[in-house]
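Structure first, commentary second.
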């Protein structure tokens, strides 16, 4: 059944794509309202698989995706090339003319590695987490986020060569020749072509690249500073060295970049971004640049949407979150308005790969909404995201794998290796669904689902970086179901449901009938953890299913309590607050009327949920909290007074009076609950008095 379900989806998408191919261009009309909210937790979690689809090097086989394998492993013995002088002696100390630059991420639907876009990609992932605290935990994918951040950060540090003083000597900032790479259409696993290195040195530098790398590493350090402090410190060390190198040796070297990502001489935006992250990590001073009407000081102007070449707006969003200073919000507003603004009912589609720029504009709007999901800015951003996720006249989700229909003629050599190495037009239909890949999507002229129309059908690191920021913001405001992506992973042929994020080649795993015990070695430290195999191995329960606003309940893990630290707990945080009290208990407080669902997702993907209803505040007379005032309330009050050990607060009987019940029972508003309160309730029931509570006199 698994394959039949999957096949039907592919046939549906393929049929729609065939119609589109016949008409060349499909014009997409806006959809003013969706039948129901999208599952933003699912979309966010799914989007991380894009990075696995574009992973390069060793450790990919048996990784998160079944259809990807180790590739370009010969980058581990790449030629040093024309690098000379003191830099060569540091990069190639044994003099064999080779250097290890394996790993990292392919940039897009091709297989070039650019440190500029890898830096932008992980900078954006870190920013999405910082701007929306705990959203990845709530979506059940924080481990996956960390996995991708470290995969990218490891590569940026690996390709940065420091001298004995800790200063940058050289950076291998591009691997592979773009022209040669683009001339071959095949899977990365099958490729053997020569992949040269393009170097940055003090005399031939690109400051924007170095500062973007620094920003990505410092952002990663911020995300990991509390959980992996040693790794975070290493990232900070390299970030500071790269920032200093970019500042000291100012340049705009275009070797390996020019035909793809031609940077400008301005590097101060990437510099400011790196400085902001280092300040947050307490590894640098607070940045001094405060914008006004697109002017960031010293003739540094911005007129660009947040993208791989200009990160000023990311800097403003970060600084607004960190400081609350209005100048940064004002700047985001000016920038958003100058880029066409966002409105409900109109999709803002501009430029090549329009979806990424739309997501970048969503970042501005979400920041301006300032946590208010009912704000016009929030609603406008949500409308844009819903369009991307399929609420358009074609019903196409431009996040591949999300929803029921998505493009299948994808400009992505790994997912669409085809049978003809000559080019995209000879390989129209993708072999695999690249779950979580954001493609360019529609622009003002419509959408063309053709493999060689890369403006529409290709994705890239910067696309998904922008998507992460937008989707994390929307998910933080509107939520979703954290169990949906693990459930999909069990059905999707392309996803390895058994892969555990955070594991590595140094992990030894032993299984028993009920648990998996994992021992890992990292930086000389040994950690042993135990997790449970399936949902039957842990239990969670509430002490009561209903509370009132301001009242408390307790969530207890009665079995498998040590699993909590490895899993993710999500809940409706506008209805309740949830605070960890012990390793196995959480305190819940009702915030407003409504129903709350608390979902625990284990590392295995198994989940369990409990539901809680939050009623109105005090309902005078309703001692047993059943939404009625009747004689049973009088009985409970008298029982709690006569036998407090059984019926009083925290009594042994399951029907004991609760904190909410005591508040409701205190109808005379005179200190604690007494028999007089029971008498007043009886008078109210007999209509001897007209209302509760009894007015306080004097």
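The values are calculated or read from the model by the stated rules, or taken from the named source; none is laboratory data. Since the structure is predicted, the reported quantities are computational estimates derived from the model, not experimental observations. Cβ placement follows ideal geometry from the backbone for every residue including glycine, while neighbour counts extend to all protein chains displayed.
Considering (1) buried (at least 17 other Cβ atoms within 10 Å of the Cβ); (2) closer than 17 Å to residue 479 by Cα; (3) modelled with pLDDT of 70 or more, say which one residue 568 fails and leave the rest. With (1) buried (at least 17 other Cβ atoms within 10 Å of the Cβ); (2) closer than 17 Å to residue 479 by Cα; (3) modelled with pLDDT of 70 or more applied to residue 568, the lone miss is (3). Is it fair to say residue 441 is more than 18 Å from the chain's Cα centre (by Cα) and crowded, with 24+ Cβ neighbours inside 10 Å? So residue 441 passes the test. Hey, any hits in the range 337-346 for a residue that's part of a helix (DSSP H, G or I), in the same structural domain as residue 411 (by TED's automatic domain parsing) and out of contact with any strand residue (DSSP E or B) (no Cβ under 6 Å at 6 or more places or on another chain)? Within the range 337-346 (the criterion being part of a helix (DSSP H, G or I), in the same structural domain as residue 411 (by TED's automatic domain parsing) and out of contact with any strand residue (DSSP E or B) (no Cβ under 6 Å at 6 or more places or on another chain)), the answer is yes, since at least one residue qualifies.
What is the one condition in (1) in contact with a helix residue (DSSP H, G or I) (Cβ under 6 Å, 6 or more places away or on another chain); (2) without any contact (Cβ under 8 Å) to a residue 40 or more places away in the chain; (3) more than 30 Å from residue 573 (Cβ to Cβ) that residue 624 does not satisfy? All conditions pass for residue 624, except number (3). Screening 651, 661 for residues that are under 53 Å from the mean Cα position of the chain (by Cα), surrounded by 19 or more Cβ atoms within 10 Å (Cβ to Cβ) and not assigned by TED's automatic domain parsing to the domain that holds residue 590 leaves exactly one candidate, 661.
Every residue, every condition in (1) within 20 Å of residue 464 (Cβ to Cβ); (2) out of contact with any helix residue (DSSP H, G or I) (no Cβ under 8 Å at 6 or more places or on another chain); (3) touching a residue at least 12 places away in the same chain (Cβ under 8 Å), yes or no:
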| position | (1), (2), (3) |
| --- | --- |
| 333 | no, no, yes |
| 337 | no, yes, no |
| 343 | no, no, yes |
| 356 | yes, no, yes |
| 360 | yes, no, yes |
| 364 | yes, no, yes |
| 368 | no, no, yes |
| 373 | no, no, yes |
| 383 | no, yes, yes |
